[in-house]
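Below: one structure, written as structure tokens.
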């Protein structure tokens, strides 16, 4: 690649965005859009973004307000709100666990491609959390 060439940006939730655009208005679409937004927030904890605590807290608060206005089933809503505590603490491991619960709760609305995108995010969160734990346990004196 020439040194002044720009790389093409990649959107990691292409299938989920497409699915939410095709979904019927109402609960199904709003559930998918909620998964998309929460996935984007969780991805913000990972490289190359690694948002600051202040950025995450501001975006989390705005997303809470937005999510409370959506017409999504209460079971999915409560599962989605479970992610906010993990986000506020910048806890990747808790985000992976809470987001896994959301993917299970929204499985009826998700297709195979969007589930694969979200599963890739879950794996990255879990790996990042494991790396942090591994680094911490190695640096502590015995």
Total residues in segment 1-21, condition out of contact with any helix residue (DSSP H, G or I) (no Cβ under 7 Å at 6 or more places or on another chain) and surrounded by 11 or more Cβ atoms within 10 Å (Cβ to Cβ)
2
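A quick yes/no check of all residues on (1) in contact with a strand residue (DSSP E or B) (Cβ under 6 Å, 6 or more places away or on another chain); (2) within 24 Å of residue 57 (Cβ to Cβ); (3) at pLDDT 95 or above; (4) assigned to a helix (DSSP H, G or I):
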position: 86; (1), (2), (3), (4): no, yes, no, yes
position: 102; (1), (2), (3), (4): no, yes, yes, yes
position: 109; (1), (2), (3), (4): no, no, yes, no
position: 115; (1), (2), (3), (4): no, no, yes, yes
position: 120; (1), (2), (3), (4): no, no, yes, yes
position: 129; (1), (2), (3), (4): no, yes, no, yes
For residue 68, which of the numbered conditions (1) closer than 19 Å to residue 101 by Cβ; (2) surrounded by 19 or more Cβ atoms within 10 Å (Cβ to Cβ) fails to hold?
(2)
So the check is Cβ under 9 Å with 6+ separation or different chains; which pairs have a first residue in segment 56-77 that's over 12 Å from residue 35 (Cα atoms) and a second one that's at pLDDT 90 or above and surrounded by fewer than 12 Cβ atoms within 10 Å (Cβ to Cβ)?
71/26
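Looking only at segment 87-96, which residues are under 11 Å from the mean Cα position of the chain (by Cα) and under 15 Å from residue 126 (Cβ atoms)?
Restricting attention to segment 87-96, the residues satisfying the condition of being under 11 Å from the mean Cα position of the chain (by Cα) are 87, 92, 95-96.
Within segment 87-96, 92, 95, 96 meet the criteria.
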Where residues in segment 36-72 are in contact with a helix residue (DSSP H, G or I) (Cβ under 6 Å, 6 or more places away or on another chain) and in a loop (DSSP other than H, G, I, E, B), which of them is farthest from residue 13 (Cα to Cα)?
71
Of the residues that sit in segment 4-35 and are assigned to a loop (DSSP other than H, G, I, E, B) and in contact (Cβ under 8 Å) with a residue 60 or more places away in the chain, which one is farthest from the chain's Cα centre (by Cα)?
23
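The values are calculated or read from the model by the stated rules, or taken from the named source; none is laboratory data. Because the structure is predicted, anything quoted here is derived from the model rather than measured. Cβ sites come from the backbone with ideal geometry, for glycine too, and all protein chains shown count toward neighbours.
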